[in-house]
């Protein structure tokens with residue numbers, strides 16, 4: 001069986017010598033390889049100036065470039081980050097239109113909730129930590145996420161500083177108090193976003209099950225497209 005191509009949206013950062021770079025985290029690359037996928041970096045075509053929170057809106061040509069990159073993929077992983085850009089919204093929109101498997105992580109989940117509406121994020125306290133486990137999340141037993149994880153309560157890491165006010169067109173399937181922790185479209189092959197970082201804790205059974213289910217969905221998509 002050919003391995004599926006997993007598109008990973010590159011994130012902008014500033015190096016120590018003040019250079020703009022686009023990159024993906026090593027934990028994301030390795031988790032895709034571990035479960036049988038091939039990472040493919042989706043590079044935003046428009047100018048992104050991370051340090052000043054400025055960007056150039058997408059042109060039709062930019063969208064065509066993104067379409068070409070997305071067409072190469074059997075699924076897309078929207079990773080964490082600090083800011084949501086025009087390209088993030090468009091990629092999420094396009095993947096939904098094509099019904100390709102989609103996994104959103106941290107800010108990637110927030111993109112899924114924000115991509116087609118005026119939803120605004122809110123800052124929160126007490127959720128950003130580098131600890132392996134920070135708090136518990138409660139998962140809806142009627143959700144696809146529950147069918148994957150097999151547990152109603154799991155402990156997760158928590159590295160985000162903002163939360164979404166609502167889930168847009170997605171179903172909320174996990175929460176911690178009033179914070180939305182996971183969303184999904186249950187009628188899709190795989191279209192799930194989680195606020196935590198499962199790629200950081202692959203020795204944890206729920207985390208590995210989420211990544212594995214995503215890659216398997218991408219394999220299924222590749223076989224049937």
Matching residues in region 178-190 (more than 14 Å from the chain's Cα centre (by Cα) and within 14 Å of residue 110 (Cβ to Cβ)) number 2
Being at pLDDT below 90 and touching a strand residue (DSSP E or B) at 6+ places or on another chain (Cβ under 8 Å), is that true of even one residue in region 135-152? yes
When you check residue 147 against the structure, is it closer than 21 Å to residue 220 by Cα, surrounded by fewer than 16 Cβ atoms within 10 Å (Cβ to Cβ) and free of Cβ contacts under 8 Å to residues at least 12 places away in the same chain, yes or no? yes
In contact with a helix residue (DSSP H, G or I) (Cβ under 7 Å, 6 or more places away or on another chain) and crowded, with 19+ Cβ neighbours inside 10 Å: which single residue out of 174, 217 fits that description? 174
Filtering region 152-190 for residues that are within 19 Å of residue 133 (Cβ to Cβ), assigned to a loop (DSSP other than H, G, I, E, B) and without any contact (Cβ under 8 Å) to a residue 24 or more places away in the chain leaves a count of 2
Can you pull out every residue in region 191-215 that is in a helix (DSSP H, G or I) and more than 16 Å from the chain's Cα centre (by Cα)? 205, 206
Turns out the strands (runs of 3 or more DSSP E) fully within region 5-107 with at least 2 residues that are over 17 Å from the mean Cα position of the chain (by Cα) and at pLDDT below 90 are 11-14, 20-23
Can you confirm whether region 155-163 contains a residue that is surrounded by 18 or more Cβ atoms within 10 Å (Cβ to Cβ) and modelled with pLDDT of 90 or more? yes
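The values are calculated or read from the model by the stated rules, or taken from the named source; none is laboratory data. Keep in mind that what you see is a predicted model, and the values were worked out from it rather than measured. For neighbour counting, all protein chains shown are included, and Cβ atoms are generated from backbone atoms with ideal geometry for every residue, glycine included.
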